[in-house]
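Undergrad: Input: one structure, supplied below.
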Amino acid sequence: MTATEVLPASPAAGAAPAELRVAVLGVGLMGADHVARLTRRVSGARVAVVTDAATERADQVAAEVPGCRVVPDPLAAIADPDVDAVVIATPGRFHEEQVLACIERGIPVLCEKPLTMDAASSLQIVRAEDAHTARTGRRLVQVGFMRRFDPEYAALRELVASGGLGEPLLVHCAHRNPAVPPGVTTESIVNDSVVHEVDVARFLLGEEIAAVTVLTPRSTRHAAEALSDPLLVLLETTGGRLVDVECFVSTGLAYEVRTEVVGEDGSAVIGLPHGPVRQSAGPGGAVRGTAVTPGFRERFGLAYDVEVQRWVDAARRGDVDGPGAWDGYAAQAVCAAGVEALRTGRRTEVRMESRGGTPS
Ligand code: ISE
């Protein structure tokens, strides 16, 4: 399937309202991407409302979507009677209030990571949603860990869960970005980038992370001043498995995300370059290779499409079909330990409430 085809609604979406009317809060890079996807590639939904702190940007995005209005205040957009569900792509510091408002109104919400800025406030969201579920039997919150919808990650989890590699023992992760925007700090590498590997580890292994160590090797000369890049992060799971993460965000080259699971009876790796291997005469001599992936929106374009289609289908039948509030909370708790480990240079145990059950 190419990224431009409209995805079919899953059959279970059968008895749903004709069309889910979605408010997209924040139409920067990610939000505008979601508006385009909901308008052109996802079925069963339309963007009814957009908001953005930059009103010109909101006006521009709305002008391209038939029937879409700008509502300047995000809380008013959540309360709007023409809105059935919400996508949150605003800066992380606004998520807590916006997700809580969606729970209060009882409408489904897909929130880009981070769920909130710290573990305590994410836990509050878990509790608020739990109370809603106890009253109504419905879950409302999904967190935008899109990698779970990438066909390679889904197949790897299937392989691990089916015992195809025997007991999993180790996971090796490489996460490389060509560059990051100015203002990124070493702590934000943990919170914005390593967080994906935290979710991947929980998703692949089906257990929580118990402790984190962060090592800071010599930095690349390409890194912004005061940035420690790359980082080497070690995650220990509650079942005694180890996950090592190389996170390197200023390679100057390409977007590369590779994951290898090593089990007692075999190993499997995903994220290798694929597509046509081309040979041609380059300016400096003959070259051979595959195309370079420039960024995460290209690498995970299909994953985002599948994520949003499944979110729409589930929302129309009153369900959530993806990582939930608990996964958002768990990721925040691990990243908080990661930031502390970075500051102290010591192995740091993750402080997490118990949920009673295994991670989703
Ligand atoms: C960015 O915020 C993302 O979420 C990307 O998936 C990740 O690869 C990148 O490192 C982050 O900065």
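The values are calculated or read from the model by the stated rules, or taken from the named source; none is laboratory data. Bear in mind the structure is a predicted one, so any value in this text is a computation, not a measurement. Don't worry about glycine lacking a Cβ; one is built from the backbone with ideal geometry, like all the others, and counts go over all protein chains shown. Accessible surface areas use protein heavy atoms only, side chains included; no ligands, DNA or RNA. Shrake-Rupley method; radii C 1.70, N 1.55, O 1.52, S 1.80 Å.
Undergrad: In the chain, which whole DSSP H runs stretch at least 24 Å along their own axis (Cα) and average 0.0 or higher on the Kyte-Doolittle scale?
TA: Answer set is 325-344.
Undergrad: Would you mind calculating the gained length between A79 and R127 on full extension (0.36 nm times residue separation, minus the Cα-Cα distance), in nm to one decimal?
TA: Stretched out fully, the A79 to R127 stretch lengthens by 15.2 nm.
Undergrad: Which three semi-axes in whole Å describe the equivalent ellipsoid of the chain, each the square root of 5 times a Cα gyration tensor eigenvalue, listed largest first?
TA: 32, 25, 22
Undergrad: Additional query: Over the Cα atoms of segment 31-108, each weighted equally, I'd like the Debye log10 I(q)/I(0) at q = 0.19, 0.23, 0.24, 0.25 Å⁻¹, rounded to two decimals.
TA: -0.80, -1.17, -1.27, -1.36
Undergrad: Which whole-number percentage describes the relative contact order of segment 35-136, with Cα contacts under 8 Å and a sequence gap of 6 or more?
TA: Relative contact order here is 19 percent.
Undergrad: To the nearest whole percent, what portion of all C-alpha pairs in segment 232-318 is separated by more than 21 angstrom?
TA: 58 percent
Undergrad: A further question on this structure: Just need log10 I(q)/I(0) for segment 175-263 at q = 0.12, 0.14, 0.18, 0.21 Å⁻¹, Debye formula, equal scatterers on the alpha-carbon atoms, no solvent, rounded to two decimals.
TA: -0.36, -0.49, -0.77, -0.99
Undergrad: Can you tell me which of 91-99, 130-138 comes out highest on packing, and rank the rest after it, using the mean Cβ neighbours within 10 Å?
TA: In decreasing order of mean packing, 91-99, 130-138 become 91-99, 130-138.
Undergrad: Taking 7 Å along the Cα-to-C-beta vector as the label spot, tell me the R347-D118 distance in nanometres, rounded to one decimal.
TA: 2.7 nm
Undergrad: A further question on this structure: Roughly how far apart, in whole Å, are the Cα centres of segment 245-279 and segment 183-204?
TA: The distance from the Cα centre of segment 245-279 to that of segment 183-204 comes to 16 Å.
Undergrad: With the crude spin-label approximation of a point 7 Å out along Cα→Cβ, what separation in nm comes out for E56 versus T220?
TA: 3.3 nm
Undergrad: From the phi angles alone, apply the Karplus equation (6.51, -1.76, 1.60; θ = phi - 60°) to segment 74-87 and give each ³J(HN,Hα) in whole Hz, x where the residue is Gly or Pro.
TA: So the J values, rounded to whole Hz, are x, 5, 5, 5, 5, 7, 4, x, 8, 10, 9, 7, 10, 10.
Undergrad: Can I ask one more? Relative contact order of the chain, please, whole-number percent, based on alpha carbon pairs below 8 angstrom and at least 6 residues apart.
TA: 20 percent
Undergrad: Percent antiparallel among DSSP beta bridges with both residues in segment 16-88, to the nearest 5?
TA: 0 percent
Undergrad: Please list 3J(HN,Hα) in residue order for segment 275-284, calculated via the Karplus relation 6.51 cos²θ - 1.76 cosθ + 1.60 where θ = phi - 60°; whole Hz, with x for glycine and proline.
TA: x, x, 8, 9, 10, 7, 8, x, x, x
Undergrad: Additional query: For segment 295-360, run through the trypsin sites (Lys or Arg not before Pro) and keep only the ones in DSSP coil with at most 16 other Cβ atoms within 10 Å of their Cβ.
TA: The qualifying sites are R317, R346, R347, R351, R355.
Undergrad: Using only protein heavy atoms and a 1.4 Å probe, report how much of M352 is accessible, in Å² to the nearest 10.
TA: Only protein atoms counted, so the area is about 50 Å².
Undergrad: If you don't mind, there's one more thing I want to ask. Be a star and scan segment 229-266 for residues whose amide nitrogen sits under 18 Å from the point 7 Å along the Cα-to-Cβ vector of E167.
TA: 236-243, 261-266
Undergrad: Amide H neighbours of E208 under 5 Å, at least 5 residues apart or on other chains, H built in the peptide plane: list them.
TA: Answer set, sorted by chain and number: T238.
Undergrad: Quick one: Karplus J couplings for segment 248-255, per residue in order, coefficients 6.51, -1.76, 1.60, θ = phi - 60°, nearest Hz, x for Gly and Pro?
TA: 9, 9, 10, 6, x, 10, 7, 8
Undergrad: Let me ask something additional. Label S43 and E64 with points 7 Å out from Cα along Cα→Cβ: what is the distance between them in nm?
TA: 2.4 nm
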